[in-house]
Amino acid sequence: MSTIPVTVLTGFLGAGKTTLLNRLLRDPALANTAVLVNEFGEIGLDHLLIERLDGDTVLLNAGCLCCTVRGDLVRALRDLMGRDIRRVIVETTGLADPAPILQTLMADPMLLARYRLDGVVTLVDAVAGMATLDAQMEAVKQAAVADRIVLSKTDLAEPQAVAALEARLRTLNPGAPLLRADAPASALLDCGLYEVAGKHPDVRRWLDAEAFADPHHHHHHHDVSRHDARIHSFCLTFDEPLPWDGLATWLEVLTMTRGESVLRIKGILNIEGEERPVAIHGVQSLFHPPLMLERWPDADRRSRLVFILRDLDRAVVENGLRAFAESARREREVAR
């Protein structure tokens, strides 16, 4: 049975998530989409989740989707099982830290059997975005973990302000395409690589190592007084195949000891002894089960790991990974 893609739509208060959502739902590509919303005030449906099926709206009892009551999200998704839906969109509250919601989608075994995280779409207000990023860590994290960043209200902002905001967002998250609010549904959906049959170009969109090629990119023209100086992104590449035992041990140690600093990890790996690539995807201390892809997207067989970290140096991560990998190789040689 194929899994149902789940898109997380986030962005700070007033960014225009509900406006974008209402436009997307008119697109035929989103037919049979269930929508779970907790931006209640913007659409006048306090303390409700909205489920849209075949043009109808069904109201479900619910609460906030913040980290303290994630059970509401699990129950809502379980209630949708068995219904004729092709996609789920979760619109988070503007104040939400997206990490707990992503963790919820990755932690429940029953949900994993029926749903797959397709991607995170983050809206940023072009008028207030720079000030919001300065003042609100939640907004910074929403942008940092995004697979797609959508700028809203660009018609109301000065071109110079939009350009400055775009530059900041590229520094914060160089792997996420920057789109406008009128972007078609096709540009916002199918971000992930979890259904790879016939979709291998999505791998490059999901993990664009070239965007992270300059290890000092996130320091260029950066105002260190801004809160997002604590968050940085980079990509590690490895020419030689990696030993799975060393990598898995290192990931376990990293997430157990510094899980709160690991906003997101995603990667395509060349594992020793395997002909096909392995995809991994983690948020803080939780990981999707490793996924064996059907094929490599191109001739590049290097392992590529993207990290989005907060208050954790690149050197700590890179040196630790290389040390565990080398240790695993040495142990294997001794065993021979």
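Nothing in this text is a laboratory measurement; each read-out follows from the coordinates by a stated rule. Computed from a predicted model, the values in this text were never measured in an experiment. Counting neighbours? That spans all protein chains shown, and the Cβs are built from the backbone with ideal geometry, glycine included.
General observations
- In sequence order, calculated HN-Hα J values of region 309-323 (Karplus, 6.51, -1.76, 1.60; Hz; x Gly/Pro): 10, 10, 6, 9, 6, 4, 4, 4, 5, 5, 5, x, 4, 5, 5
- Region 235-336: relative contact order as a whole-number percent, Cα under 8 Å and 6+ apart: 37 percent
- Basic side chains Lys and Arg get +1 at the Cβ, acidic Asp and Glu get -1 at the Cβ, and with that the dipole of region 213-335 about its Cα centre reaches some 260 debye.
- At R0 = 35 Å, FRET efficiency that the Cβ-Cβ distance of ARG75 and LEU178 yields, to 0.05: 0.50
- An ellipsoid equivalent to region 95-177, defined through the eigenvalues of its Cα gyration tensor, has semi-axes of 28, 12, 10 Å when rounded to whole angstrom and sorted largest first.
- Taking amide H as placed 1.01 Å from N in the peptide plane, the amide H of GLU91 sits under 5 Å from that of LEU9, LEU36, VAL37, ASN38, each at least 5 places away or on another chain.
- Phi to ³J(HN,Hα) by Karplus 6.51 cos²θ - 1.76 cosθ + 1.60 over region 156-168, Hz, x for Gly, Pro: 9, 10, 5, x, 5, 5, 5, 4, 5, 5, 4, 5, 5
- Highest mean first, the peptides 139-145, 110-116, 269-275 sorted by other C-beta atoms within 10 Å per residue fall in the order 139-145, 110-116, 269-275.
- Cβ-Cβ FRET estimate between LEU25 and LEU291, R0 fixed at 45 Å, reported to 0.05: 0.95
- Listed peptides 323-329, 305-311, 3-9 by packing density, highest first (mean Cβ within 10 Å): 3-9, 305-311, 323-329
- Amide H contacts of ARG116: ILE4, VAL6, each under 5 Å away and 5 or more positions distant or on a separate chain (H built 1.01 Å from N in the peptide plane; Pro and chain starts excluded).
- Taking θ as phi - 60° and the Karplus parameters 6.51, -1.76 and 1.60, the scalar couplings of region 233-249 work out to 10, 7, 10, 9, 10, 9, 6, 8, x, 9, x, 4, 5, x, 5, 5, 5 Hz in sequence order, x denoting glycine and proline.
- Sites THR237 and ASP134, calculated FRET efficiency, Cβ-Cβ separation with R0 41 Å, nearest 0.05: 0.80
- Placing +1 on the Cβ of every Lys and Arg and -1 on the Cβ of every Asp and Glu, with nothing else charged, gives region 225-292 a dipole about its Cα centre of roughly 500 debye.
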